[in-house]
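The values are calculated or read from the model by the stated rules, or taken from the named source; none is laboratory data. Just so it is clear, the model here is predicted, and its values are computed rather than measured. Neighbour counts are summed over all protein chains in view; Cβ atoms, including those assigned to glycine, are modelled from backbone coordinates with ideal geometry. For the accessible areas, the whole protein counts, side chains as well, though only heavy atoms, and no ligand, DNA or RNA atoms are used. Shrake-Rupley method; radii C 1.70, N 1.55, O 1.52, S 1.80 Å.
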Amino acid sequence: TMNHFDDAVLEAIDAVYASAHPQRAAVDRAGLHMSWDDVRSLRDAGWTIANHSANHLPLLEASAIGRLQNEHDACETVLERELGTKTTLWVAPFDRPAHRTESSVAQFVASASGRTVVLVGDRITTSVDLGSQVIHRINAPVVEADTLVGVVRSAARRSQTAPSDRGQ
């Protein structure tokens, strides 16, 4: 339901949460987010840092598609300021293929200005996808390691037997 609220309402919800649960809000801020030094350490160790939007909204769905460009631009500005370079990957947050608007992937690719976009596809990425600057990722559930391996294997099997345009 969060994607049905504008920025002012989201900020008000955050303020109420922080005032009602100041200790929990402090733990959330400290425990869920890395510091910029942590992010730079990952980058320096060879990790690719991707833009995942400023507010992590379901940007490819009708309720938020108008915010797609601004959300990624706002994140890109901060990432460029903190890391000294532009990102090469833009990742769609809360990407649910069944809920995408008809033109959302094309809008996402266009707004990424030559960057590769990452979508939930539950399939392998093909050379056609790469030519379109799209990478598909598996939406892996939070489960035990053995179960996760089974989910990944199952998705790989489905992607090898499915038509090449599956998930688009």
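Numbers at a glance
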{"item": "Accessible carbon and sulfur surface of the range 50-129 relative to its total accessible area, %, 1.4 Å", "result": "55 percent"}
{"item": "Nearest-0.05 FRET efficiency for Val16 and Val78, computed from C-beta distance (R0 41 Å)", "result": "0.95"}
{"item": "Under the Karplus curve 6.51 cos²θ - 1.76 cosθ + 1.60, θ = phi - 60°, whole-Hz ³J(HN,Hα) for the range 63-76, x wherever Gly or Pro sits", "result": "5, 10, 4, x, 9, 3, 5, 4, 4, 6, 5, 4, 5, 4"}
{"item": "For peptides 50-62, 74-86, sequence by mean Cβ density within 10 Å, most packed first", "result": "50-62, 74-86"}
{"item": "Spin-label pair Gln133/Ala110, simplified geometry with 7 Å Cα→Cβ offset, distance in nm", "result": "1.3 nm"}
{"item": "Counted charge near Ala64, where neighbours are those whose Cβ lies closer than 13 Å (Asp, Glu -1; Lys, Arg +1)", "result": "-2"}
